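Step one of this worksheet: look at the structure below.
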Amino acid sequence: MFIYSRLIQEEDLNFIGHVGTDRVLYLFREAWRLFLDKLGYTETDIGGGVGMIQKAFYMESDKEILAGEIISVNIDGFEGERTAFTLYYSITTESGPAFTGYMKLQAFDCKARKFRRVPVSFLRRVRGALYPLSTSGAPMFTDFA
């Protein structure tokens, strides 16, 4: 598990006044970007000249999130395949679960503009970081700016 925590600002809200689905996707992707950075990867380089593109996104809402709430965006799970992988997420507030979902990413050679295999070294490293043998807790990143 990887946890990214932050304070919800006014600019995170949609026209109704709460965090909308577009921002949930942003928060999922931001947690993923921070996790990749921690491992020394980027979305355009996960090894061997391979990057990734988003193939699918799904989310469910359990409650609304408002400005001023502190949230935790959790990468709860990971499934690797030959040419793609799926990340499972949840967003919680101090009062409980708010969103769950997943994002499927496809391995992609950004220069050749072709789908590729996910590098095995990348799959192993992500699995090792998300599912460590120790139970000392999840890697955390906090941004209360």
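Counting only residues that are buried (at least 17 other Cβ atoms within 10 Å of the Cβ) and either touching a Cys at 6+ places or on another chain (Cβ under 8 Å) or part of a helix (DSSP H, G or I) (or both), the range 3-22 holds 1 of them.
Scoring residue 49 on the criteria (1) at pLDDT 95 or above; (2) more than 11 Å from the chain's Cα centre (by Cα); (3) not acidic (Asp, Glu) leaves a single failure, condition (1).
Only residues that are surrounded by 13 or more Cβ atoms within 10 Å (Cβ to Cβ) and in a loop (DSSP other than H, G, I, E, B): list them for the range 94-116, please. The answer is 110, 116.
Just a yes or no: is a residue in the range 40-54 assigned to a strand (DSSP E or B) and hydroxyl-bearing (Ser, Thr, Tyr)? Before the answer, list the steps.
Initially, the range 40-54 is screened for residues assigned to a strand (DSSP E or B), giving 42, 45, 51-54.
Checking the rest, the ones that are also hydroxyl-bearing (Ser, Thr, Tyr) come to 42.
Scanning the range 40-54, I find at least one residue that is assigned to a strand (DSSP E or B) and hydroxyl-bearing (Ser, Thr, Tyr), so the answer is yes.
Restricting to the range 62-98, what's the tally of residues that are in contact with a Gly (Cβ under 9 Å, 6 or more places away or on another chain) and either of a type in the set (S, T, N, Q) or on the phi > 0 side of the Ramachandran plot (or both)? The qualifying residues number 2.
Which ones in the range 60-75 are surrounded by fewer than 16 Cβ atoms within 10 Å (Cβ to Cβ) and outside any loop (DSSP other than H, G, I, E, B)? Correct list: 60, 70.
Restricting attention to the range 114-133, the residues that are more than 19 Å from the chain's Cα centre (by Cα), at pLDDT below 95 and among the charged types (D, E, K, R) total 0. For the condition of a type in the set (Val, Ile, Thr), more than 20 Å from residue 94 (Cα to Cα), surrounded by 15 or more Cβ atoms within 10 Å (Cβ to Cβ) and in contact with a strand residue (DSSP E or B) (Cβ under 9 Å, 6 or more places away or on another chain), residue 50 qualifies.
The values are calculated or read from the model by the stated rules, or taken from the named source; none is laboratory data. Fair warning: this is a prediction, and the values are worked out from it, not measured in the lab. So basically every Cβ, Gly included, is an ideal-geometry build from the backbone, and we count neighbours across all protein chains shown.
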